[in-house]
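The values are calculated or read from the model by the stated rules, or taken from the named source; none is laboratory data. Please read these numbers as outputs of a predicted model, since none were measured by experiment. Quick reminder, even Gly has a Cβ in these numbers, built from the backbone with ideal geometry, and neighbours come from all protein chains shown.
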Amino acid sequence: MNILTLFKKLLFRINPYYRLIINTRLFLENKLVETSSNIESQQAVLSTNLENRLNEISSNAEKKLIEMYSNLSQITTKINSINERLSKNENFPKKVSDISEVISSKDQMFYGNFEHYFIVSKSAIECILTAISMADRVDIVKQIRKILDLPCGYGRVLRSLKAYFPQAEITACDLDKDGVDFCVNTFNAIGVYSDPNVAKINISSKYDLIWCGSLLTHLEEKKTLSFLDFFIDKLEENGILVASLHGRFSQTIQNRTSIYIENERFETILQDYNNVGYGYADYEGQTDYGISMSKPSWIFSHLEKRDDVTVIYYSERLWDKHQDILALRKKSILQ
């Protein structure tokens with residue numbers, strides 16, 4: 001048998017496998033072409049959908065921006081109008097010298113920084129005027145006849161209240177009797193000694209304006225709620241309450257300087273704050289007086305139970321770029 005014959009026989013034997021390999025290769029090539037075509041088709045569809053979605057988002061964003069700009073313009077116009085009306089109010093002081101600069105040597109809020117002391121005082125007034133403006137009640141500035149400052153301390157804010165509302169009768173109330181006496185003698189305020197039990201505070205009057213700076217920031221949960229109810233009940237109809245609270249920025253302050261309380265106690269506050277919306281711990285060596293933190297949602301969950309008040313605003317870090325401010329109006333939300 002010659003070589004040619006052997007080659008033909010060998011080719012005959014392997015030919016079926018050869019054909020299988022060729023057919024498999026052709027099948028895979030066709031599949032690859034088909035898959036590639038499907039991918040290109042899907043890419044085209046996705047690209048079209050993505051472009052349509054981006055156009056839709058862009059159109060909506062443009063509409064939102066136009067709407068926001070329109071709202072901002074309206075708000076700016078309203079604020080300018082309010083500021084113009086406020087600036088024309090003859091009751092407002094036109095210079096810093098109208099605010100008393102007499103500071104008690106016992107005033108623990110005065111750390112030697114004269115400028116910051118009065119910045120804090122002015123900031124409180126700005127919080128109050130913001131509440132009046134947002135309630136669209138600039139007209140009540142002249143109608144404010146009775147003001148309660150609780151806790152008054154040694155008059156850091158009361159002195160500005162006296163200057164900005166000279167026609168008003170101001171009640172100074174605090175646990176610190178020397179502070180109350182100082183406000184009575186220096187600012188001609190009506191003095192009331194406070195009590196840790198809010199039910200025992202001897203106040204029968206109702207007020208057009210109540211300022212509560214740095215009180216709820218030091219009380220446990222139940223006492224904070226009790227004081228909120230007390231303040232609301234002591235407001236005249238359409239009266240305004242402006243109160244400060246420790247919000248989430250307090251964590252930043254504590255981490256920077258440990259200014260509030262020992263870190264171990266603050267961790268307890270923070271844990272309860274995160275879990276239930278309100279955290280509190282006593283100062284070391286004290287009972288029922290310490291540091292608290294509250295979430296706006298916690299405050300609002302309580303206020304929602306009262307139909308006789310309307311929330312004017314809640315603003316974080318509004319007082320001296322530090323404490324949150326809650327402003328309420330004694331007016332039924334259902335009317």
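Just a few scattered comments:
Rundown of residues vs (1) touching a residue at least 60 places away in the same chain (Cβ under 8 Å); (2) surrounded by fewer than 20 Cβ atoms within 10 Å (Cβ to Cβ); (3) out of contact with any Asp or Glu (no Cβ under 8 Å at 6 or more places or on another chain); (4) not in a helix (DSSP H, G or I), yes/no style:
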| residue | (1), (2), (3), (4) |
| --- | --- |
| 119 | yes, yes, no, no |
| 122 | no, yes, yes, no |
| 143 | yes, yes, no, yes |
| 148 | yes, no, yes, yes |
| 162 | yes, no, yes, no |
| 178 | yes, yes, yes, no |
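- Once region 272-286 is narrowed to residues that are farther than 13 Å from residue 220 by Cβ and not in a loop (DSSP other than H, G, I, E, B), the residue that is nearest to the chain's Cα centre (by Cα) is 274.
- Yes/no for residue 303 being more than 25 Å from residue 195 (Cβ to Cβ), in contact with a helix residue (DSSP H, G or I) (Cβ under 9 Å, 6 or more places away or on another chain) and not β-branched (Val, Ile, Thr): no
- When region 131-140 is filtered for residues that are modelled with pLDDT of 65 or more and either in a loop (DSSP other than H, G, I, E, B) or hydrophobic (A, V, I, L, M, F, W, C) (or both), the ones remaining, listed by number, are 131, 132, 134, 135, 136.
- Taken as a whole, region 192-203 holds no residue that is aromatic (Phe, Trp, Tyr) and crowded, with 17+ Cβ neighbours inside 10 Å.
- Among the residues listed as 240, 269, 253, the single one being buried (at least 18 other Cβ atoms within 10 Å of the Cβ) and part of a helix (DSSP H, G or I): 269
- Residues being of a type outside the set (S, T, N, Q), part of a helix (DSSP H, G or I) and in contact (Cβ under 8 Å) with a residue 60 or more places away in the chain - total across region 201-226: 5
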